[in-house]
Amino acid sequence: MRCLTPRLLEPLLRTAHELTVENDGIADTLTLTRGISRAEVIREICVHLEPYQAGEKPITGETVIAKDLTIDSLAIMDMVMELEDRFDVSIPMSVIAEIHTVDQLADTIRDLRANPS
Amino acid sequence: MGLFDRHAGLLEAYRDVRTTGYDPFQIRMERVLSPTKAIINGRETLLVGTNNYFGLTFDPSCMEAAIEAIRAEGTGTTGSRIANGSYSEHVALEREIAEFYGKKHCMVFTTGYQANLGVISTLAGQGDFLLIDADSHASIYDACKMTQAEVVRFKHNDPSSLEARLRRLGDKPGNRVVVLEGIYSMLGDSAPLREFVDVCKKYGAYVLIDEAHSLGALGEHGRGLCESTGVIDDCHFIVGTFSKTLGAIGGYCVSDDPDFDILRVTVRAYMFTASLPPSIVASVRQALRVVKAKPELRTQLWNNVATLYDGLKAQGFTLGPEHGPVVGVHLPDRMTAIGFWRAMLDAGIYVNVAVPPATPNGVSLLRCSLCAVHTKEQLDHMVEVMTGIGRQFGVLPDKQLRAAGAR
Ligand SMILES: Cc1ncc(COP(=O)(O)O)c(C=O)c1O
């Protein structure tokens with residue numbers, strides 16, 4: 001749970017479907033949950049990775065992105081940029097370099113959402 | 001594992017490239033005749049891919065200055081400026097570049113690559129944030145590997161993408177350094193610099209702009225995009241190179257920051273490599289004088305840009321988004337690009353071929369760079385040649401088909 005000032009809210013409201021707004025009685029104060037299920041993040045990642053699927057092997061949480069798929073490192077970084085904006089997090093390049101699987105990418109995104117600092 | 005096994009994918013791609021005949025990465029200029037002509041494969045070839053924007057490599061005054069400097073001070077400095085000292089000419093060159101931009105300080109490097117590498121990796125350190133355009137030059141990416149700062153990429157030429165990333169940093173402590181380029185080297189497009197500067201001001205971020213391809217080409221005095229968009233004072237660090245418009249080699253960074261000179265004892269790419277030789281310093285100083293004295297070179301360059309860009313566009317080629325001294329021609333895939341490149345070389349025209357992973361978004365390109373001293377006839381001829389090859393390769397619709405379609 002995080003309290004956000006109205007100024008910070010504006011960009012978040014564009015993704016309003018992710019937010020639960022609780023009316024706790026205090027005017028001007030909105031409490032948001034940034035919670036999002038792991039399955040949902042994985043689903044979104046898979047949508048981005050689909051074009052790079054190699055053969056019939058399905059993309060799962062264990063898929064090693066740079067190895068099991070036909071995606072190159074630049075395209076991985078571009079996909080990460082899309083995911084950053086979708087989930088409103090920034091993933092430093094050094095962190096991206098340590099991510100191998102779809103699961104790891106999803107967990108990184110969820111961790112950053114829960115704890116942006 | 002063998003030492004080269006990790007490059008297996010690249011080796012395979014490289015082998016593909018070479019099967020087409022010539023190797024675009026090992027082109028031999030048997031003899032360079034002028035800024036626009038060389039002998040390649042025994043044939044006189046038009047050069048439209050050498051970043052020689054003002055054609056100053058053969059400017060008689062620059063050549064004379066270099067020759068005189070060699071006679072006066074020898075062929076090299078044999079060491080770095082912190083070890084062997086600065087020659088008066090290094091100091092004079094730095095003063096002249098600082099004056100050119102109206103900035104207080106300038107540091108000259110042995111290449112532009114080293115200027116970016118050293119300055120960027122040193123400015124942003126542990127606890128800081130480096131925000132770079134996704135299409136940044138390799139020297140900027142390499143600087144990112146050397147810094148302890150957190151590096152985040154934003155979408156190419158997209159101020160709102162930068163803003164989202166600055167906003168997400170919230171009130172975390174640490175400097176924000178944003179890295180931009182005046183003109184991007186693959187597609188010739190320039191940054192919406194004013195909008196970027198506004199975002200940086202809003203979030204208190206420092207702006208570093210690399211004017212490698214825009215020096216001379218943009219702005220009333222040729223200072224680059226920072227001048228043409230009127231934001232020189234808002235660009236905290238301006239980096240550039242002597243290897244393109246100024247026709248030699250070397251790099252620089254200018255700034256008004258009062259503590260700028262501390263970089264002389266912190267930037268390793270400055271401290272641990274030999275300084276520029278006297279001949280280069282002399283020719284660059286003269287080239288800068290030429291840039292100031294002959295604005296008509298800029299006019300000629302842009303006239304040539306229009307001839308090539310508009311000519312190719314009219315024939316139906318897909319090009320970079322705007323006029324620029326670099327004209328990127330999109331081709332459908334790697335092998336077409338390489339075949340097209342080779343056919344052009346056979347027809348006596350040299351351009352660069354750029355294929356993934358060296359290009360943004362995996363595109364395959366012919367990268368043409370214009371020169372103020374190309375003639376209109378040369379460029380009209382080039383459009384004709386490319387149109388013919390484009391039809392042969394099925395990149396452009398066949399003439400008959402076009403005629404039939406028009407009826
Ligand atoms: C945008 C950009 N920055 C820096 C450089 C490096 O310049 P130099 O050739 O002086 O090392 C280049 C040239 O390749 C470039 O295109």
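The values are calculated or read from the model by the stated rules, or taken from the named source; none is laboratory data. Predicted model, so just to flag it, every value in this text is computed and none were measured. Ideal geometry is used to build each Cβ from the backbone, glycine not excepted, and the neighbour counts take in all protein chains shown. Accessible surface areas use protein heavy atoms only, side chains included; no ligands, DNA or RNA. Shrake-Rupley method; radii C 1.70, N 1.55, O 1.52, S 1.80 Å.
Among the residues in region B:316-330, are any part of a helix (DSSP H, G or I) and outside the structural domain of B:GLY247 (by TED's automatic domain parsing)? No, that holds for no residue. The residues of region B:1-29 that are at pLDDT 80 or above and open to solvent by 100 Å² or more (accessible area, probe 1.4 Å), listed by number, are B:GLN26, B:ARG28. Condition first: in a loop (DSSP other than H, G, I, E, B) and open to solvent by 10 Å² or more (accessible area, probe 1.4 Å). Now tell me which residues in region B:166-188 satisfy that. Across region B:166-188, the qualifying residues are B:GLY170, B:ASP171, B:LYS172, B:PRO173, B:GLY174, B:ASN175, B:SER185, B:MET186, B:LEU187. Listed by first and then second residue, the pairs with beta-carbon distance under 7 Å, at least 6 apart or on different chains, first residue in region B:112-126 and more than 20 Å from B:GLU150 (Cα to Cα), second in a helix (DSSP H, G or I) and more than 9 Å from the ligand (Cβ to nearest atom), are B:GLN114/B:ALA269.
This table checks each residue for (1) open to solvent by less than 10 Å² (accessible area, probe 1.4 Å); (2) not basic (Lys, Arg).
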site: B:ASP59; (1), (2): no, yes
site: B:GLU64; (1), (2): no, yes
site: B:ILE67; (1), (2): no, yes
site: B:ALA72; (1), (2): no, yes
site: B:ARG95; (1), (2): no, no
site: B:ALA115; (1), (2): yes, yes
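If I ask for residues that are without any contact (Cβ under 8 Å) to a residue 24 or more places away in the chain and closer than 18 Å to B:VAL17 by Cα, which ones from region B:359-391 would you list? Passing the criteria: only B:GLY362.
Before we move on, is B:VAL373 assigned to a helix (DSSP H, G or I) and modelled with pLDDT of 95 or more? Spelling it out, it is not the case that B:VAL373 is assigned to a helix (DSSP H, G or I) and modelled with pLDDT of 95 or more.
Would you confirm whether or not region B:90-105 contains a residue that is charged (D, E, K, R) and either without any contact (Cβ under 8 Å) to a residue 12 or more places away in the chain or outside the structural domain of B:ALA191 (by TED's automatic domain parsing) (or both)? Yes, that holds for at least one residue. Are any of the residues in region B:160-174 among the hydrophobic types (A, V, I, L, M, F, W, C) and at pLDDT below 95? No, region B:160-174 has no match at all. Filter region A:44-61 for residues that are exposed (fewer than 11 other Cβ atoms within 10 Å of the Cβ) and among the charged types (D, E, K, R); which is farthest from the other protein chains (Cβ to nearest Cβ)? Out of the qualifying residues, it is A:GLU56. Of all residues in region B:178-204, those satisfying the criterion of being in contact with a helix residue (DSSP H, G or I) (Cβ under 7 Å, 6 or more places away or on another chain) and within 14 Å of chain A (Cβ to nearest Cβ) are B:VAL178, B:VAL179, B:MET186, B:VAL199, B:TYR203.
Quick grid of which residues meet (1) of a type in the set (A, V, I, L, M, F, W, C); (2) closer than 25 Å to B:PRO360 by Cα:
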residue: B:GLN148; (1), (2): no, no
residue: B:ASP158; (1), (2): no, yes
residue: B:GLU163; (1), (2): no, yes
residue: B:ARG167; (1), (2): no, no
residue: B:ASP171; (1), (2): no, no
residue: B:LEU180; (1), (2): yes, yes
residue: B:ILE209; (1), (2): yes, yes
residue: B:ALA212; (1), (2): yes, yes
residue: B:GLY224; (1), (2): no, yes
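Number of residues in region B:307-321 that are more than 19 Å from the chain's Cα centre (by Cα) and surrounded by fewer than 20 Cβ atoms within 10 Å (Cβ to Cβ): the value is 7.
So that you can scan it fast, the table gives a plain yes or no per residue for (1) part of a loop (DSSP other than H, G, I, E, B); (2) within 11 Å of the ligand (Cβ to nearest atom); (3) within 22 Å of B:PHE129 (Cα to Cα):
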residue: B:VAL207; (1), (2), (3): no, no, yes
residue: B:HIS213; (1), (2), (3): yes, yes, no
residue: B:GLY216; (1), (2), (3): yes, no, no
residue: B:GLU220; (1), (2), (3): yes, no, no
residue: B:CYS226; (1), (2), (3): no, no, no
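When region A:78-93 is filtered for residues that are assigned to a helix (DSSP H, G or I) and touching a strand residue (DSSP E or B) at 6+ places or on another chain (Cβ under 7 Å), the ones remaining, listed by number, are A:MET81, A:MET93.
Take the residues in region B:123-159 that are assigned to a loop (DSSP other than H, G, I, E, B) and surrounded by fewer than 17 Cβ atoms within 10 Å (Cβ to Cβ); name whichever of them is nearest to the other protein chains (Cβ to nearest Cβ). Step by step, filter region B:123-159, then rank; the result is B:GLN148.
Restrict the check to region B:44-52 and report whether at least one residue is closer than 20 Å to B:ALA293 by Cα and either within 16 Å of the ligand (Cβ to nearest atom) or in contact with a His (Cβ under 6 Å, 6 or more places away or on another chain) (or both). Checking region B:44-52: at least one residue is closer than 20 Å to B:ALA293 by Cα and either within 16 Å of the ligand (Cβ to nearest atom) or in contact with a His (Cβ under 6 Å, 6 or more places away or on another chain) (or both).
When B:ASN361 is evaluated against the numbered criteria (1) part of a helix (DSSP H, G or I); (2) away from chain A (no Cβ under 14 Å), which criterion, by number, is the only one it fails? Against the list (1) part of a helix (DSSP H, G or I); (2) away from chain A (no Cβ under 14 Å), B:ASN361 comes up short only on (2). Does A:VAL41 satisfy being touching a residue at least 60 places away in the same chain (Cβ under 8 Å) and either surrounded by fewer than 20 Cβ atoms within 10 Å (Cβ to Cβ) or in a helix (DSSP H, G or I) (or both)? Considered against the rule, which asks whether it is touching a residue at least 60 places away in the same chain (Cβ under 8 Å) and either surrounded by fewer than 20 Cβ atoms within 10 Å (Cβ to Cβ) or in a helix (DSSP H, G or I) (or both), A:VAL41 comes out as yes. Output yes when any residue across region B:247-269 is of a type in the set (Ser, Thr, Tyr), outside any strand (DSSP E or B) and within 20 Å of the chain's Cα centre (by Cα), and no when none is. The answer is no, given that none of the residues of region B:247-269 is of a type in the set (Ser, Thr, Tyr), outside any strand (DSSP E or B) and within 20 Å of the chain's Cα centre (by Cα).
Taken over region B:88-110, the residue count meeting the criterion of being part of a loop (DSSP other than H, G, I, E, B) and out of contact with any Ser or Thr (no Cβ under 7 Å at 6 or more places or on another chain) is 2.
Among residues of region A:64-117 being touching an Asp or Glu at 6+ places or on another chain (Cβ under 9 Å) and without any contact (Cβ under 8 Å) to a residue 12 or more places away in the chain, the one that is farthest from the other protein chains (Cβ to nearest Cβ) is A:GLN104. Across region B:254-266, not a single residue is classified as surrounded by 23 or more Cβ atoms within 10 Å (Cβ to Cβ) and within 12 Å of the ligand (Cβ to nearest atom). Screening B:ALA191, B:ALA248 for residues that are within 16 Å of the ligand (Cβ to nearest atom) and open to solvent by 10 Å² or more (accessible area, probe 1.4 Å) leaves exactly one candidate, B:ALA248.
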